[in-house]
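First up is the structure itself, then whatever we jot down about it.
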Amino acid sequence: MEMQSMYGLFKCITLVLFAADQLEKSNGMRNGIIPLLGFACVIALQSLFFYFPKTRRWVAVMDIGTAAICLVFAPSGLLLFVLVMAAEAVDAYSDDTTFYWITICIGGLAAIITEADGMMLILVAILYASLYFIRHYVRRLVKCHQAMEEQRLMIKKLEERLKDNRQYMKTLQDTAALEERNRLATRLHDKVGHGISGSIIMLEASMLLLDLDKEKAREGINRAVLNLREGVDDIRAALREERPVTQKLGMNEIQKMLEEFQINHDKKTRLAVNGDMERIEPEVLVCIYDNAKECLTNLLKHSDATLFELKITRKNKVTAVEYKDNGSKRIDANTLVRGLGLQAMEERTIKAGGRFFIADQEFGFKITNIFIEH
């Protein structure tokens, strides 16, 4: 479409030059009005082909026919118009190098046949120079548009693949969680459940032997107690596997949680740290981890935010933590109704030795925790 528009512009310019030439001649405009209207109709008809794909060759056929009529009707006055028509027809069937050679040959032959004067030769040279220059940049523009379209399609495909990968990751996470749940249930059933069942049987048998043989009853009770203790140890070991150990929880786990949230929910997350993070107490790190997790959950439930920021600053013995999103809601800390999630965050922060603040925000939600090491 860009090339057709360029050639249409050049055709209109050459027709204007033809009309100006006819005005200078006596009774020239009366004789030239009919071909002008005819050629204007041809240009208008060709412009209709802009809206139909793969019609450039039909336009070239019209150019050849119109150029032939021009040569018969007024070869000298319509020389520029003929050259533009011929150039468009050649452009539809040739590459760049062939186009330049053929159009130059056509221009030279047309100038010889029509016996063009010096002024017309200058106009032909200017026409060709302008046509080549503009055509070069129009073709570059077309290539840029094609490259942009290819990149847009590529980005669309990548987004679709990314969406599929996210769904696949979610499926893997759900499968892993289900396998872990099944493993824990099997472990509790096989070891803890059987142990407790055996202990109950031992206690019942010991109750029956209590009056008959106190020594065997005491032995059965001791064995039942031992089995129950082992069962409690197994339960504690399983729970430790489910919950991260406090001493092992650090900045890597917090960063991992933010990255997983960004991948799973297509919302940006950002972690900014300042100071010596290794000197933060383990209980404070656990509090930061749990509070950040609660903020992310609240963001999904109650906010339209697209970005979550966690900023941790450690200076001297003071640790300041900011949880902030870019939601569109206005927050008034005085009138805000604190649900169970915010109450749990505040209680958790106080228990870890910190203070809990909700800031007034024109846009978004911001919570600040301050921890002072004693």
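Computed from the coordinates by the stated procedures, all read-outs in this text should not be read as laboratory data. Keep in mind that what you see is a predicted model, and the values were worked out from it rather than measured. With ideal geometry, Cβ positions are generated from the backbone for all residues, glycine too; neighbour counts draw on all protein chains shown.
What to note about this one:
- Efficiency of FRET from Cβ geometry, Glu219 and Ile196, R₀ 22 Å, rounded to 0.05: 0.70
- log₁₀ of I(q)/I(0) at q = 0.10, 0.12 Å⁻¹ - the range 247-372, Debye sum with one point per alpha carbon: -0.28, -0.41
- Rounded to whole Hz, the Karplus (6.51, -1.76, 1.60) HN-Hα couplings of the range 301-309, x for glycine and proline: 7, 10, 10, 9, 5, 10, 9, 10, 10
- Under the combined filter of DSSP loop state and at most 14 neighbouring Cβ atoms within 10 Å, the range 97-169 retains these GluC sites (Glu not before Pro): Glu115.
- Under-5 Å amide H pairs with Thr306, H placed in peptide plane, nonlocal only: Asn326
- Net length gained if the chain between Phe357 and Cys12 were fully extended (0.36 nm per residue, minus Cα distance): 117.0 nm
- Viscosity 1.306 mPa s, 10 °C: Kirkwood-radius Stokes-Einstein D of the range 302-374 over Cα pairs, µm²/s: 122
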